[in-house]
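The next block holds one structure in the form of structure tokens; read it before the comments.
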Amino acid sequence: MLYKLAAGLLISAFMATTAFGQTISVEGEVTTPLKLSVADIAKMKKTEVTAADRDGKTHRYSGVPVTDILQQAGVTLGAQLRGENMAKYLLVKSGDGYEVLFSLAELDAAFTDRVVILADQVDGKPLPDGKGPFRIVVPGEKKPARWIWEVTTMTVRFAKD
Amino acid sequence: MKKCWWLIWSGVLALSFLSGRVSYAPQPYVLEYPASFGHRINTPADNPLTKEGVYLGRLLFYEKQLSAGNKISCGTCHEQQRAFTDGKTFSTGVDDVPTDRNAMSLVNLLWVRNFFWDGRAPGLELQAITPLTAPHEMGQPLEVAAQKLQQSTLYPGLFNAAFGSDQISGDRITKALAQFERTLISADSRYDQYLEGRYQPDSAALRGLQLFSTAPAPEKKIRGANCTHCHGGPKFYIELYHNNGLDSLPRDAGREKQTGVAADRGRFRVPTLRNIALTAPYMHDGRFNSLEEVLDHYSEHIVSSASLSPVLRQTSNEAGGNSLRLTKREQKDIIAFLHLLTDSSFINNPNFSNPFN
């Protein structure tokens, strides 16, 4: 019975973490873990970027700079991004299981003018089925493999080795 | 002080010698696999692989006492000759009622992070509880299984060697099974031999490999099947859950049943293609009897729905097509390539076979 209970508990814990497909969890090396709903993100300041998708065509993407979200969670950016914090990374996960990684310095405005956004609109419309409600857009990147769609989790960690 | 410790140690040694018990000293099991598979392996800290644990796990894998009425073992639905599948659409367990989903192949599980077709179990130890106890599978509470083994002459000594005491528990049963399953590594197919320059595929298989690895772009006259988008890399899978266009209204909602998220409707694990020619029938519900039927599906019959994988939308060799639209010859070439992924040394490895035979 104990094993069944343990299995049940673990599986419910797993369900609880994935049940909120429409929210984005920000966790790990943060001072304030976040669970952002579509409404929470709608309230944040929007930025527009222009970038070419896999189809080779240039589109206008609108969304929130990823660093704004990380700052809200208290991630070490800006003046704090130095010393051991240079070994931190952001892992972004999709509802389909895909994962992509950014070092914090790749995202921080003190290091780069490129603004990576969490987009919710393309060319003035919501993202299409399967890619929304939120997708990372990395302007200037030649291959859109890090334009991870259906974002569910953003985790900041220290590299282990 | 030093003398005092010496006395205690010699006492302990003498006692263990007198009691006739061999002290618990399991030997680490060294896993061998290609560096290209990567070291992102999934082994919990409280269950390191040992030779004793793996051996015990192998016996348990083929042990019918782990089922109600001693009818079946794990190996009944996971036959080595079929890359640890059973050739059935749905397996039948101790009560002869079919299971809900097709029995999965057990291959390269060391790297898998979440198990089952819907990824609901985050570890092999946890995964094993389901087939052992589910009423339509082996149908026996773990406590009963542990009691049966405890009363046997064979097992208490083997559990002692593997875990340091002859106490048998469900926890130890699943740990030993998981250890054995982590050793089921397949990395010596003809495709691997081709990469090492030891085997030369025929031209059909090489054309198939090219199609397998290429995304179609009809506007540039590039033909392909884009398989590697999900089945890429040396392990021939990426741990993803996609709706691959089987139904508009799936009878089995797949991952949505776990998460309650509409985007997960009809989503199932992307399985490895290693040994795929041995593991018919295909898909979570075993609906396709052959690789020809699978290729026909991707080529002609992708069904649109809100949760259809974006990878399968507008991915076609015809401008505006909704399925791959491969020619019959291209489909045959891809199947010729898929046969290169059969690993005969894996299915004949004596370390994986039924030790009771």
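Values quoted throughout were computed directly from the atomic coordinates according to the rules given, and no laboratory measurement underlies them. All figures in this text were calculated on a predicted structure; none of them were measured in a lab. Don't worry about glycine lacking a Cβ; one is built from the backbone with ideal geometry, like all the others, and counts go over all protein chains shown.
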Next item on the list: Apply the Karplus parameterisation 6.51 cos²θ - 1.76 cosθ + 1.60, with θ equal to phi minus 60°, to every residue of the stretch B:150-155 and state each ³J(HN,Hα) to the nearest whole Hz, in sequence, with x for glycine and proline.
Entry: 4, 7, 7, 7, 6, 7
Next item on the list: Would you mind checking A:Lys160/B:Lys51; A:Lys45/B:Lys257; A:Lys35/A:Lys125 for any pair whose Cα atoms are more than 31 angstrom apart?
Entry: A:Lys45/B:Lys257
Notebook entry, point to check: Which order results if B:Met104, B:Met283 are arranged by neighbouring Cβ count within 10 Å, fewest first?
Noted result: B:Met283, B:Met104
Notebook entry, point to check: Leaving out same-chain residues fewer than 8 places away, which aspartates and glutamates sit with a Cα under 20 Å from that of B:Lys88?
Noted result: B:Glu79, B:Asp96, B:Asp100, B:Asp118, B:Glu137, B:Asp252, B:Asp285, B:Glu292, B:Glu293
Notebook entry, point to check: Taking springs between alpha-carbon atoms closer than 10 angstrom, which of A:Gly132, A:Gly140, A:Gly56 fluctuates most in the Gaussian network model of chain A?
Noted result: A:Gly56
Notebook entry, point to check: Who wins for biggest fluctuation among A:Val30, A:Val151, A:Val137 in a Gaussian network model of chain A, springs between alpha carbons below 10 Å?
Noted result: A:Val30
Check: How big is Rg to Rh over the stretch B:190-341, alpha-carbon atoms, Rh as the Kirkwood inverse-mean-distance radius?
Finding: 0.97
Checklist line | Estimated distance in nm for a label pair at B:Asn70 and B:Arg251, the labels positioned 7 Å out from Cα along Cα-to-Cβ | finding: 3.7
Item checked: 5 angstrom amide H check on A:Thr153, placed H, neighbours 5+ away -> A:Ser25, A:Lys93
Note to self: For a quick check: with amide H placed at 1.01 Å from N, whose amide H comes under 5 Å from A:Ala52's, ignoring anything fewer than 5 positions away on the same chain?
What the structure shows: A:His59, A:Gly140
Check: Where is the GNM fluctuation largest for chain A (alpha-carbon springs, 10 angstrom cutoff): A:Glu84, A:Glu141, A:Glu106?
Finding: A:Glu84
Next item on the list: Hey, can you grab everything whose amide H is under 5 Å from the amide H of B:Thr50? Only 5+ residues off in sequence or another chain; H modelled, so Pro and N-termini drop out.
Entry: B:Tyr29
Check: Pairing the Cα long axis of helix A:2-18 with the longest principal axis of chain A, what angle in degrees results, from 0 to 90 and rounded to the nearest 10?
Finding: 20
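Let me confirm one metric for peptide B:240-248, namely the mean number of other chain beta-carbon atoms within 10 Å of its residues' beta-carbons.
2
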Notebook entry, point to check: What angle do you read, to the nearest 10 degrees and between 0 and 90, between the alpha-carbon axis of helix B:124-133 and the longest principal axis of chain B?
Noted result: 90
Note to self: Cut-off is 10 Å between beta-carbons; in what order do A:Asp161, B:Asp100, B:Asp252 appear when sorted fewest neighbours first?
What the structure shows: A:Asp161, B:Asp100, B:Asp252
Note to self: Using 24 Å as the Cα-Cα cut-off, could you pick out the over-long pairs in A:Lys142/B:Lys220; A:Lys143/B:Lys221; A:Lys93/A:Lys142; A:Lys93/B:Lys175?
What the structure shows: A:Lys93/B:Lys175
Next item on the list: Give me the lysines in straight-line cross-link reach of B:Lys235: C-alpha distance below 18 Å, same-chain residues under 8 apart excluded.
Entry: none
Check: How high is the FRET efficiency from B:Leu31 to A:Arg60, r the C-beta distance, R0 56 Å, rounded to 0.05?
Finding: 0.70
Next item on the list: Give the angle, between 0 and 90 degrees and rounded to the nearest 10, that separates the Cα long axis of helix B:170-182 from the longest principal axis of the Cα atoms of chain B.
Entry: 50
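So for each of B:61-69, B:123-131 I average, over its residues, the number of other beta carbons within 10 Å; can you give me the resulting order with the highest mean first? Write out the running numbers ahead of the final one.
Details: B:61-69: 19.7, B:123-131: 22.2.
Peptide ranking by packing, descending: B:123-131, B:61-69.
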Checklist line | Inter-part distance where the stretch B:261-324 and the stretch A:46-68 are each reduced to a Cα centre, Å | finding: 30
